[in-house]
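The values are calculated or read from the model by the stated rules, or taken from the named source; none is laboratory data. The model shown is predicted, which means the values in this text are computed figures rather than measured ones. Heads up, the Cβs are rebuilt from the backbone with ideal geometry, glycines too, and the neighbour counts pull from every protein chain shown. The protein model used for the area step is the full one, side chains on, heavy atoms only, and it has no ligands, DNA or RNA in it. Shrake-Rupley method; radii C 1.70, N 1.55, O 1.52, S 1.80 Å.
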Amino acid sequence: MVEKTVPTQQEGQVRQSTETTRSEARYVAPPVDIYEENNRLVVAADLPGAEKDSITVDVKDGVLTLQAASKSHAVGNSMYAEFEFVNYYRQFELSETVDVDKITADYKHGVLQLNLPKAERAKTKKIAVNITP
Amino acid sequence: MTRVPVVRNRNPWYEPFDLMNRLFSRWSPVQRQDKEEDDFFAPLLRDFPFDFGGSPAVDVEENDQEIVVRAEMPGMEKDEFSIELEDDTLILRGEKKYQDEHKDRNVHRVECRYGRFDRRITLPTSIQADKASAEYKNGVLNITLPKSETARRKAIAVHVK
């Protein structure tokens, strides 16, 4: 699970890319935290400004794709700009141990949290060791 | 544990505000997993004010009526940050806590920013502090500061003789 939860954005490894020719939208790969706990893998992505309805998460051929869009709320002339409302796009390769049908997602305060439960066979099992003297 | 820089439109030549503001914007990137390392580096990083990439990214916009300051700070709760006004300076303070109380967590990747920030923004005109309002939505803080009467733009009628 560890090795395979990697971004698929590396050179020559991109399985599908967003169409850039006809769209002026700019894409930013959002920063993510990934951790594993209680037989699930959690992916938390910072998507500040993204509208809830615009977020799409899908899994195809073992690749998790997350996309989101944010609308500009400009009210006047920009005097100083360090960020802009952008679209987000990032892909991760999933290992086969993720139960794809049970993935859930929450969005709160600009953070998208994906819960990826492990498949039954990948769960850790405790094995009791009997030591007989 | 990589810190991935997100592409930002940061033009150092277009900054109407004092560069000193940036220097005093403090940030302690608490992006570590093990406690020992945290205890050792945290005081050093907290006192190191030259981390330009740290504090929340800010946009400032202006129209005839108001100044709008926007800060990108995803994943925070309402009680984790504060906004203060001191004359013509807007002070944005807060701390995004790294949830490391979960001991059974196996961390693979930490790219999101955590830690304390203290950002001071000098406002370009005088404002009506008592009419200021703020809204936090989708991880973006929107602060609306109505300009004071004297700072508003007024059209001057020209009489051509």
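Checking A:Gln91 against (1) in contact (Cβ under 8 Å) with a residue 60 or more places away in the chain; (2) within 11 Å of chain B (Cβ to nearest Cβ): exactly one of these is not met. Which one?
(2)
Take the residues in segment B:80-116 that are basic (Lys, Arg) and under 26 Å from A:Asn38 (Cβ atoms), then tell me which one is modelled with the lowest pLDDT.
In this case the residue turns out to be B:Lys103.
Only one of these is under 14 Å from the mean Cα position of the chain (by Cα), surrounded by 20 or more Cβ atoms within 10 Å (Cβ to Cβ) and without any contact (Cβ under 8 Å) to a residue 60 or more places away in the chain: B:Gly115, B:Gly94, B:Gly139. Name it.
On the way: B:Gly115 fails: without any contact (Cβ under 8 Å) to a residue 60 or more places away in the chain; B:Gly139 fails: without any contact (Cβ under 8 Å) to a residue 60 or more places away in the chain.
Answer to the selection: B:Gly94.
Residues being assigned to a strand (DSSP E or B) and either within 12 Å of chain A (Cβ to nearest Cβ) or of a type in the set (Gly, Ala, Ser) (or both): count how many of those fall in segment B:110-142. Before the answer, list the steps.
Of all residues in segment B:110-142, those assigned to a strand (DSSP E or B) come to B:110, B:115-122, B:127, B:133-137, B:140-142.
Pick out the ones that are also either within 12 Å of chain A (Cβ to nearest Cβ) or of a type in the set (Gly, Ala, Ser) (or both) and you get B:110, B:115, B:119, B:121-122, B:133-137, B:140-142.
Residues that pass the stated criteria total 13.
Being open to solvent by 100 Å² or more (accessible area, probe 1.4 Å) and either modelled with pLDDT of 90 or more or of a type in the set (A, V, I, L, M, F, W, C) (or both) is the filter here; which residues of segment A:123-133 pass it? Let's see the steps before the verdict.
First pass over segment A:123-133, keeping only residues open to solvent by 100 Å² or more (accessible area, probe 1.4 Å): A:124-127, A:129-133.
Across segment A:123-133, the qualifying residues are A:Ile127, A:Val129, A:Ile131.
When segment A:98-122 is examined, which residues are found to be modelled with pLDDT under 85 and within 14 Å of chain B (Cβ to nearest Cβ)?
Within segment A:98-122, just A:Ala122 meets the criteria.
Which pairs have Cβ atoms under 7 Å, sit 6 or more apart or on different chains, and link a residue in segment A:30-43 that is within 14 Å of B:Gly75 (Cα to Cα) to one that is buried (at least 18 other Cβ atoms within 10 Å of the Cβ) and of a type in the set (Asp, Glu)?
A:Pro30/A:Asp46; A:Pro31/A:Asp46; A:Pro31/B:Glu111; A:Val32/B:Glu111; A:Asp33/B:Glu111
If I filter segment B:91-102 for residues that are of a type outside the set (Asp, Glu) and away from chain A (no Cβ under 14 Å), do I get at least one hit?
Filtering segment B:91-102 for residues of a type outside the set (Asp, Glu) gives B:91-94, B:96-99, B:102.
Among the residues that remain, those that are also away from chain A (no Cβ under 14 Å) are: B:91, B:93.
Yes: segment B:91-102 contains one or more residues that are of a type outside the set (Asp, Glu) and away from chain A (no Cβ under 14 Å).
Out of segment A:56-70, which residues are outside any strand (DSSP E or B) and more than 10 Å from chain B (Cβ to nearest Cβ)?
Listed by number, the residues that qualify are A:Asp61, A:Gly62, A:Ala69.
Just checking, does segment A:48-66 include any residue being buried (at least 18 other Cβ atoms within 10 Å of the Cβ), modelled with pLDDT of 90 or more, farther than 26 Å from B:Leu145 by Cβ and of a type in the set (Gly, Ala, Ser)?
The answer is no, given that none of the residues of segment A:48-66 is buried (at least 18 other Cβ atoms within 10 Å of the Cβ), modelled with pLDDT of 90 or more, farther than 26 Å from B:Leu145 by Cβ and of a type in the set (Gly, Ala, Ser).
Within segment A:79-94, work out how many residues are buried (at least 18 other Cβ atoms within 10 Å of the Cβ) and either within 16 Å of A:Thr65 (Cα to Cα) or in contact with a His (Cβ under 9 Å, 6 or more places away or on another chain) (or both).
8
Would a scan of segment B:57-80 turn up a residue that is farther than 30 Å from A:Asn87 by Cβ and away from chain A (no Cβ under 12 Å)?
Checking segment B:57-80: at least one residue is farther than 30 Å from A:Asn87 by Cβ and away from chain A (no Cβ under 12 Å).
Which of the residues belonging to segment A:67-79 are modelled with pLDDT under 85 and hydroxyl-bearing (Ser, Thr, Tyr)?
A:Ser72
Among B:Pro74, B:Pro146, which is open to solvent by less than 40 Å² (accessible area, probe 1.4 Å), at pLDDT 90 or above and more than 30 Å from A:Tyr35 (Cβ to Cβ)?
Numbers: B:Pro74 fails: more than 30 Å from A:Tyr35 (Cβ to Cβ).
Sole residue among the options that is open to solvent by less than 40 Å² (accessible area, probe 1.4 Å), at pLDDT 90 or above and more than 30 Å from A:Tyr35 (Cβ to Cβ): B:Pro146.
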